[in-house]
Amino acid sequence: RGNTNHWRMMKDPIQIHQRQLDEMRRLLRERRAPPDAQFNACEVDTAAATLADGTFSVARPLMQTHPGHAKVFCECKDWVSKWPEDRSWCAIPDINERFFNHPYNFETQGSKSGY
């Protein structure tokens with residue numbers, strides 16, 4: 001699967017520091033094509049659109065999928081967290097309880113779970 005994009009979507013938003021957001025924006029804005037790319041090797045190769053105020057947008061339109069797309073869903077059972085709270089949350093056996101009734105490893109408003 002060389003020369004393909006690998007997008008990772010997160011189930012839930014997470015809090016990050018402003019420096020992390022700034023770095024993600026910089027990486028998206030200044031992306032360069034890999035040296036072995038068929039087009040634009042080692043050249044600026046971003047899909048970001050520069051806006052009039054100097055900022056940019058990487059918003060993607062909704063896409064249709066087809067059998068050629070490799071769709072993979074990963075969750076906590078696919079890796080072991082170093083955090084006890086995450087491991088405890090992942091141990092909830094009922095997937096509906098874990099994903100819908102108690103979607104985080106901490107109590108949230110409306111959660112009736114005792115985990």
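The values are calculated or read from the model by the stated rules, or taken from the named source; none is laboratory data. Predicted model only: the values in this text are computed from it and were never measured. Note that each Cβ is placed from the backbone with ideal geometry, even for glycine, and that neighbours are counted across all protein chains shown. Each accessible area value is taken on the protein alone, full model and side chains, heavy atoms only, with ligands, DNA and RNA left out. Shrake-Rupley method; radii C 1.70, N 1.55, O 1.52, S 1.80 Å.
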>> At a 10 angstrom cut-off on C-beta neighbours, averaged per residue, how do the peptides 87-94, 50-57 rank from highest to lowest?
In response: 87-94, 50-57
> Under a 5 Å amide H to amide H cut-off, with H placed in plane at 1.01 Å, what residues pair with PHE56 once short-range neighbours are removed?
Replying inline: LEU51
> Under a Cβ-Cβ cut-off of 14 Å, what is the net charge of the residues other than VAL80 that fall near it, where Lys and Arg count +1 and Asp and Glu count -1?
Replying inline: -1
> Just the Cα atoms of region 18-68: what Rg and Dmax do they give in Å?
Replying inline: 13.7, 39
>> Between GLU97 and VAL80, what is 0.36 nm times their sequence separation minus the Cα-Cα distance? Round to one decimal in nm.
In response: 4.2 nm
> Given a Förster distance of 25 angstrom, what is the FRET efficiency for ARG32 paired with VAL72, based on the Cβ-Cβ distance and rounded to 0.05?
Replying inline: 0.45
>> If I ignore ligands, DNA and RNA and count only protein heavy atoms, how much of VAL44 is accessible to a 1.4 Å probe, in Å² to the nearest 10?
In response: 80
>> Let me check something: with ligands and nucleic acids excluded, how do ASP36, ASP86, ASP78 order by accessible area (1.4 Å probe), largest to smallest?
In response: ASP36, ASP78, ASP86
> Whose amide H sits under 5 Å from the amide H of ARG32, counting only residues 5 or more places off or on another chain, with H placed in the peptide plane?
Replying inline: ASP45
